[in-house]
Structure formats: C-alpha cells, structure tokens
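The values are calculated or read from the model by the stated rules, or taken from the named source; none is laboratory data. Keep in mind the model is a prediction, meaning the values are calculated, not measured. Glycine also receives a Cβ, built like all others from the backbone with ideal geometry; neighbour counts cover every protein chain displayed. Please note that ligands, DNA and RNA were not included when accessible areas were found on the heavy atoms of the full protein model with its side chains. Shrake-Rupley method; radii C 1.70, N 1.55, O 1.52, S 1.80 Å.
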Amino acid sequence: MALPHVDQAYGQTGANVSVIGFGGMRFAHPADLDGSAALVRYAHARGINYFDTAPFYCDDKSEEILGRALRTLPRDSFFVSTKSFAAEGDELRASLEKSLRRLQMDRIDFFHIWCLLQPGQLEERIRKGAIAAAQRAQREGLIRHLVVSSHLGGEDNAAVLATGLFAGITIGYNVLNFPFRARALEAAARHKVGVVTMNPLGGGMIPRNADRLSFLKGPQDRDVVQAAIRFNISQPAITAALVGFSSEREVDEAVASVDGFAPYPAAHLEQLKAGIGASFEGFCTGCGYCLPCPVDVQIPKLMDVFNAKILDGSDQAMRDRLKWHWAMAPDVAAACIECGDCETACTQHLPIRDRLKAIAALVGR
C-alpha cells in the first residue's frame with residue numbers, strides 16, 4: 001500500500017509532496033550506510049517522497065545515507081531537503097557544495113537557511129552574505145527553492161516570512177506546543193508558503209504519555225501517535241509532517257496514520273486544543289500575555305520547558321527541552337527580577353516566578 005495524498009502542494013513552488021516526510025536524523029545504525037539506505041528506499045516505495053536531512057545529523061552520516069539511497073531512484077520521484085547555518089556567504093557556499101557531493105546530486109530541491117534561534121539572526125545572515133550566496137546558487141540551478149528552518153516564536157516567524165525571501169518554512173509543531181506556532185501558520189497561509197513541521201510527536205513526549213493524552217484519539221484513530229500525526233497534518237497551512245524513522249515498522253505505522261484519512265474538521269481541532277489545557281493542570285497554553293518582560297526573559301518559551309516537566313515529571317525533561325528544542329541554557333531564567341508583571345497578566349494565574357526559579361536551579365546540577 002502506497003501513501004495516499006502525495007499531491008499536497010508545497011506553497012506556490014509547484015512541488016507536490018507527501019504529507020508524511022522522512023526525517024533523516026533518527027537512523028538506528030547510521031554507520032551501516034547500506035542498511036540505512038535500504039530504509040530510505042523502503043519509505044520511498046511506501047509513497048514518501050520528501051526526504052529531509054542536514055549536516056551533522058546521525059553522526060554526520062545522514063546526507064551520505066540519503067545520497068546512497070536516492071541515487072538509485074528516478075530524480076523526479078522525490079524531493080530532498082538539506083540545510084546550512086552559515087552566516088558568511090563563502091561558508092554557506094562551501095556547505096552547499098559539500099552537501100551536494102554527499103547527496104550525489106546536482107541540485108537541492110529545498111535548501112534551508114537553518115536554525116534561526118534568536119530574533120536578529122536572519123538580519124545577520126543577510127548582512128554577512130549567506131542569503132545573497134544562497135540566491136546566487138539558486139540562479140545557478142544548485143538550489144531549486146530557498147526555505148528557512150526556525151525555532152522562533154510565532155510572531156518572530158511571521159516577521160521572517162514577511163520578508164518574502166522564502167518559499168517555505170520548517171518549524172516544530174505538535175499538539176503540545178501549537179499555541180507557540182499559531183501566528184507562524186497564519187502568516188504562512190497569508191503569504192502562501194509551504195510549511196513542513198518537525199517533532200509532530202513532541203520529541204517522544206506524546207507516545208511516552210499515551211495514557212494521559214488518550215483524549216486526543218478520535219473514533220477513527222488507532223492510537224495516540226496516529227492521532228498526533230493526524231492533528232498535525234489537519235492544520236490547513238501545514239504541507240507535510242516530518243517523522244524520524246529507524247525501522248520499517250515505524251514507516252508502516254506513519255503511512256497507516258494517513259491511509260484513507262480526511263483532515264479533522266475545524267470543530268474537532270478546537271476541541272482537542274481545549275482538551276490540552278483542561279487535561280493538564282497548570283499547563284501553559286502559550287498565549288503570550290505574560291509579555292513584554294522588562295528584562296526580556298523569554299517567558300513563553302520557558303513555560304513550554306516547564307510543560308515538559310508537567311508531562312514527564314523529571315528535571316531531565318526540562319534540560320532536554322531547553323537544549324534540543326530552544327537551544328537555551330537554564331541560566332536564562334535567572335534574569336527574572338521577580339517584578340510579578342507576568343503573573344498579573346497571566347490569564348491562567350500560573351506561578352511563573354516559581355517556575356523560572358526551578359529552571360534556573362538546573363544550572364550546575
């Protein structure tokens with residue numbers, strides 16, 4: 001059985017991509033190039049045609065694995081995505097050329113300006129020449145579509161898309177963090193750009209908390225994982241969701257999640273969103289009313305970090321969320337001056353100052 005709905009339009013690029021994309025950062029044994037490449041080809045045979053990779057993924061083997069796999073397939077049967085976080089134009093060009101060699105291709109379909117973490121980083125890459133270098137490579141035919149990968153909040157992502165530089169954006173989005181990304185999806189729809197989502201399973205938090213999240217399942221959902229994927233791709237602005245695969249079974253499960261699936265009605269999506277706040281006492285919904293902070297503490301991001309502890313029950317969950325999702329250190333929470341403005345504005349009446357102290361206390365532990 002091949003994956004249905006392969007003809008999902010990626011913005012205005014003319015590319016039609018599978019609603020499930022292959023995230024190339026979770027190969028079980030990346031040193032086994034042939035075995036890993038076989039998994040890529042298996043996913044392609046099941047109908048997945050969007051393959052996402054980057055330098056450094058899987059011990060820096062991911063691009064090589066995809067190159068080994070995709071070189072045997074018709075070039076018009078797949079799309080490949082890779083990235084560069086270089087700010088200097090020459091460095092981006094060198095990164096692009098290295099990726100092309102490892103992927104064994106003469107062009108990248110979707111080339112990402114990678115990993116915007118802080119407001120101002122896009123301006124830096126414009127100023128130092130990375131954007132101009134990417135545009136030059138696009139004119140030369142080495143890049144088909146210039147896109148961006150971002151960990152910024154919704155408003156900042158909306159500003160990135162308003163520049164008109166990019167044909168699409170890759171962002172983290174799932175049923176646990178959707179409030180932080182809502183403005184980004186609105187902006188993407190407004191500018192008619194493609195949206196690929198990463199971490200649709202919340203970095204594993206969703207399957208690890210399947211019992212607590214059982215309310216996510218609709219009548220047609222086999223399990224919480226399937227429901228989480230369907231929640232993601234039901235958002236009208238989302239083109240495809242990336243799933244990291246390490247086995248053929250995981251590919252089969254992801255394909256099954258969209259077999260015969262029609263997007264959830266808007267009313268059902270709103271019901272699920274409301275259920276998150278109702279099911280987890282003290283779970284920050286990311287409304288952003290706590291801002292602005294007089295000392296620029298990024299309160300919504302840090303409350304998202306504390307959400308991980310509510311779900312997982314451990315400090316390690318907060319550390320992982322800080323490091324891998326937000327690329328922040330715990331000491332950023334220590335900047336709080338305890339003025340209390342955020343708690344006054346919080347519609348949920350959360351103990352924000354206590355939570356910031358808990359995060360700051362992770363330093364040195």
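Okay, here's what the table says:
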quantity: Mean Cβ count within 10 Å, highest first, over the residues of peptides 220-232, 306-318, 202-214; calculated: 220-232, 306-318, 202-214
quantity: Cβ-placed point charges (K, R +1; D, E -1), dipole of the chain about Cα centre in debye, nearest 20; calculated: 420
quantity: Vicinal HN-Hα couplings computed from phi for region 286-298 (Karplus, 6.51 cos²θ - 1.76 cosθ + 1.60; Hz; Gly/Pro x); calculated: x, 5, x, 5, 6, 9, x, 9, x, 10, 6, 5, 7
quantity: P(r), alpha carbons of the chain - 20 Å bins starting at zero, rounded %; calculated: 29, 59, 12, 0
quantity: Net dipole in debye of region 1-156 [+1 Lys, Arg Cβ; -1 Asp, Glu Cβ; about Cα centre; nearest 20]; calculated: 360
quantity: 0 to 90° range, to nearest 10: angle between helix 89-103 axis and the chain longest Cα axis; calculated: 60
quantity: Per residue solvent-accessible surface (Å²) - region 133-237, probe of 1.4 Å; calculated: 36
quantity: Space enclosed by the convex hull of the alpha-carbon atoms of region 156-245, per residue, Å³; calculated: 94
quantity: q = 0.14 Å⁻¹, region 13-74: log10 I(q)/I(0) [Debye, one scatterer per Cα]; calculated: -0.36
quantity: Rg/Rh for region 110-193, where both radii come from Cα atoms and Rh is the Kirkwood radius; calculated: 0.98
quantity: For region 245-257, 3J(HN,Hα) per residue [Karplus equation, 6.51 cos²θ - 1.76 cosθ + 1.60, θ = phi - 60°, Hz, x = Gly/Pro]; calculated: 10, 10, 7, 5, 4, 5, 4, 4, 5, 5, 4, 4, 5
quantity: Kirkwood hydrodynamic radius over Cα pairs of region 276-355, then Stokes diffusion coefficient at 10 °C and 1.306 mPa s, in µm²/s; calculated: 124
quantity: Magnitude of the charge dipole, region 1-79, Cβ model with Lys/Arg +1 and Asp/Glu -1, debye to 20; calculated: 200
quantity: More than 26 Å apart - percent of Cα-Cα pairs taken over region 159-307; calculated: 28
quantity: Accessible area expressed per residue, region 271-365, with surrounding protein chains retained (probe 1.4 Å, Å²); calculated: 49
quantity: Carbon + sulfur, % of accessible area of the chain - ligands and nucleic acids excluded, 1.4 Å; calculated: 51
quantity: Computed over region 102-154, Kirkwood Rh from alpha-carbon pairs, angstrom; calculated: 11.9
quantity: Isotropic mean projected area of the C-alpha convex hull, region 1-158 (nm²); calculated: 9.5
quantity: Scattering profile of region 242-307 at q = 0.20, 0.23 Å⁻¹ [log10 I(q)/I(0), Debye over alpha-carbon scatterers]; calculated: -0.93, -0.97
quantity: Highest to lowest packing among 130-136, 30-36, scored as the average C-beta count within 10 Å; calculated: 130-136, 30-36
quantity: Computed label-point distance, nm, for sites residue 97 and residue 256 using a 7 Å Cα→Cβ extension; calculated: 4.8
quantity: Length gained when the stretch residue 345-residue 107 is fully extended (0.36 nm per residue, less Cα-Cα span); calculated: 80.7 nm
quantity: Free-standing Cys residues across the chain, given no other cysteine C-beta under 4.7 angstrom; calculated: 58, 115, 284, 287, 293, 336, 339, 346
quantity: Amide H partners (placed H, <5 Å) of residue 50, local residues excluded; calculated: 18, 22, 79
quantity: Efficiency of FRET between residue 331 and residue 124 - r from beta-carbon atoms, R0 22 angstrom, step 0.05; calculated: 0.45
quantity: Between 0 and 90°, nearest 10: helix 224-233 axis offset from the chain longest Cα axis; calculated: 70
quantity: Built amide H within the under 5 Å cut-off of residue 212, gap 5+; calculated: none
quantity: Ordering of 342-348, 259-265, 189-195 by packing [mean C-beta count within 10 Å, highest first]; calculated: 189-195, 342-348, 259-265
